[in-house]
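These notes are about the structure you will find just below.
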């Protein structure tokens, strides 16, 4: 089980010097190798899944179980505004409900990215959700 609740990874010269991106890529490669060898892998979005850290970790699992209050943050609102040229204030107002830039995990679920939901992370609830997954 790959548990995800992170603030993402640092994007800086220091992070590049420490080879952080390479570590994330290696981690994703190991997960792919395990899947190839038939290991059952389940991702659990326990809170915040942010940026490349989320993409290289729990999102690599064939099945993703998420808490209903989980969030997926591909980019921080300020970064989205900078890249797209959208007004930062208007974007902040859309961050909860917009299917494209919204952060609640329900938006990822609309695209088929969430396999099952749990209301909390208590072990019995989570184990039941995982046991109900195909495969």
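What to note about this one:
- Average projection, convex hull of the Cα set of segment 36-113: 5.6 square nanometres.
- Mean Cα-pair separation over length for the chain, i.e. relative contact order, pairs under 8 Å, 6 or more apart, %: 24 percent
- The simple spin-label model puts a point 7 Å past each Cα toward its Cβ; for residue 29 and residue 7 those points are separated by 2.9 nm.
- Alpha carbon convex hull of segment 71-123, volume per residue in cubic angstrom: 89 Å³
- The order of the peptides 66-76, 93-103, 108-118, 43-53 by mean Cβ neighbours within 10 Å, most packed first, is 43-53, 66-76, 108-118, 93-103.
- Using just its DSSP H runs of length 4 or more, each adding -39500 (n - 2.57), the chain gives a mean residue ellipticity at 222 nm of -11500 deg cm²/dmol after division by all residues.
- Pair-distance profile P(r), taking every C-alpha pair of the chain, with 5 angstrom steps and integer %: 2, 10, 18, 19, 19, 15, 10, 5, 2, 0
- Of all DSSP bridge pairs formed entirely within segment 44-131, close to 10 percent run antiparallel.
The numbers here are math on the coordinates, done by the rules we state, and not lab data. Everything quoted here is computed from the prediction, not taken from an experiment. Every residue, glycine as well, gets a Cβ built from its backbone with ideal geometry; the counts of neighbours run over all protein chains shown.
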